[in-house]
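Chemist: Once you've had a glance at the structure underneath, I'll fire off some questions.
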Amino acid sequence: MDRLDALQLFIRIVEQGSFSRAADMLGMPRASATHAIKELETRLGTRLLERSTRHVRPTLDGQAYYERCVQVLSDLDDAEAAFGHTATSPRGMLRVDMSGSQAGRVVLPRIPEFHALYPDIELMLSSGDRLVDLVREGVDVVIRAGMPRDVDLVARTLGAMAQVVCASPDYLKTAGTLRHPDELPAHRAVRFFASSGNADYPFELEVDGQMRRYDVGGWLSVNDAEAYSLAALRGCGLVQVPRFHVEEELADGRLVEVLADWTSPAMPVTALYPYRRQLSPRVRVFVEWLVQIYAQRFGGAA
């Protein structure tokens, strides 16, 4: 087995957590896969994988080697894709990370359409609201809501999501209905914090032609978009959230919009990717497809 085939096998084993599944995916006997990895470990002079009866996982050296392998093979795919028909018919693995709400409510309902357009692209989608090190983790594209802060990445605006301030009927029954944004500091909010620990996400509303920020205290803080809405449903406080995320709850009365006479700022959605990925055909077609579906869903970039 040549080195590139060995790298591809090693990546599959790490991602599948199994020699057998990886071997099946690559159409080779399990014994051949085991022998190839032993040769790889001997050549590198280190143990790459920890094996048990039920699972296989990388050692510390194995994890570092996996991340480098992903980067090397991705760069090789991109170099080859710059020539011939693959420039217009991209193929290979595309690793994407986005929040669970974006994945479940916007992207995944339409993902069969992307596969129909580009059947040779294999998608690996991870979901979460944590910060992702794209280069170290081998992620090609990250989709995030809010203003991007990483100046070392290429940023492509996908759209802008209308927001709403809302709460459960039980909370409003106890705390009272708001008549003006200036009453916000006297209320309770569900607070949202990022993986960095930053919880400074005040409410924002346009008042008298100017955008004002309101700090609202609360006893509960979360770092997940689904948990944020669920906490509001359980009466834990006010939330300011993209409207699409709570459309059903607003329609059936489980959540109630407040301060509707004052406009919340739209929340931008951005695709982020490393500069070395900006010419990748896989990244390019995926981001262009995202621009289209976000424009259809939210009316395009602001």
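The values are calculated or read from the model by the stated rules, or taken from the named source; none is laboratory data. As the structure is a prediction and not an experimental result, all values here were calculated from the model. All Cβ positions, even for glycine, are placed from backbone atoms using ideal geometry, and neighbour counts span all protein chains on display. These accessible areas exclude ligands, DNA and RNA; they are computed on the full protein's heavy atoms, side chains included. Shrake-Rupley method; radii C 1.70, N 1.55, O 1.52, S 1.80 Å.
Chemist: If you check Thr270 against the conditions, is it closer than 30 Å to Gln71 by Cα and in contact (Cβ under 8 Å) with a residue 24 or more places away in the chain?
Modeler: Taking the combined requirement at face value, the residue satisfies it.
Chemist: Pick out the one residue from Val164, Val142 that is in contact with a Lys or Arg (Cβ under 6 Å, 6 or more places away or on another chain) and open to solvent by less than 10 Å² (accessible area, probe 1.4 Å).
Modeler: Being in contact with a Lys or Arg (Cβ under 6 Å, 6 or more places away or on another chain) and open to solvent by less than 10 Å² (accessible area, probe 1.4 Å) holds for just one of Val164, Val142, which is Val164.
Chemist: With within 30 Å of Val141 (Cα to Cα) and in contact with an Asp or Glu (Cβ under 8 Å, 6 or more places away or on another chain) as the only criterion, which of Gln292, Gln296, Gln240 stands out?
Modeler: The unique qualifying residue is Gln240.
Chemist: Kindly provide the set of residues from segment 108-127 that are assigned to a strand (DSSP E or B) and either of a type outside the set (Gly, Ala, Ser) or in contact with a helix residue (DSSP H, G or I) (Cβ under 6 Å, 6 or more places away or on another chain) (or both), ordered by number.
Modeler: Ile121, Glu122, Leu123, Met124, Leu125, Ser127, listed by residue number.
Chemist: From Leu73, Leu49, Leu117, grab the single residue that is over 30 Å from Asp224 (Cα atoms), touching a residue at least 60 places away in the same chain (Cβ under 8 Å) and open to solvent by less than 70 Å² (accessible area, probe 1.4 Å).
Modeler: Leu73
Chemist: Turning to a different aspect of this structure: How about segment 146-170: which of its residues are within 18 Å of Phe192 (Cα to Cα) and not in a loop (DSSP other than H, G, I, E, B)?
Modeler: Once the filter is applied, which keeps residues that are within 18 Å of Phe192 (Cα to Cα) and not in a loop (DSSP other than H, G, I, E, B), segment 146-170 yields Met161, Gln163, Val164, Val165, Cys166, Ala167.
Chemist: Turning to a different aspect of this structure: Being assigned to a strand (DSSP E or B) and of a type in the set (D, E, K, R), is that true of even one residue in segment 220-227?
Modeler: No; the residues of segment 220-227 include none that is assigned to a strand (DSSP E or B) and of a type in the set (D, E, K, R).
Chemist: Sticking with this structure for a sec: In this structure, does Ser264 turn out to be surrounded by 14 or more Cβ atoms within 10 Å (Cβ to Cβ), of a type in the set (Gly, Ala, Ser) and modelled with pLDDT of 95 or more?
Modeler: yes
Chemist: Another question, if that's okay. For segment 228-242, how many residues meet the condition of being part of a helix (DSSP H, G or I) and modelled with pLDDT of 95 or more?
Modeler: Count: 4.
Chemist: Now a separate question. Can you tell me which residues in segment 258-272 are outside any loop (DSSP other than H, G, I, E, B) and closer than 20 Å to Ser101 by Cα?
Modeler: Listed by number, the residues that qualify are Met267, Pro268, Val269, Thr270, Ala271, Leu272.
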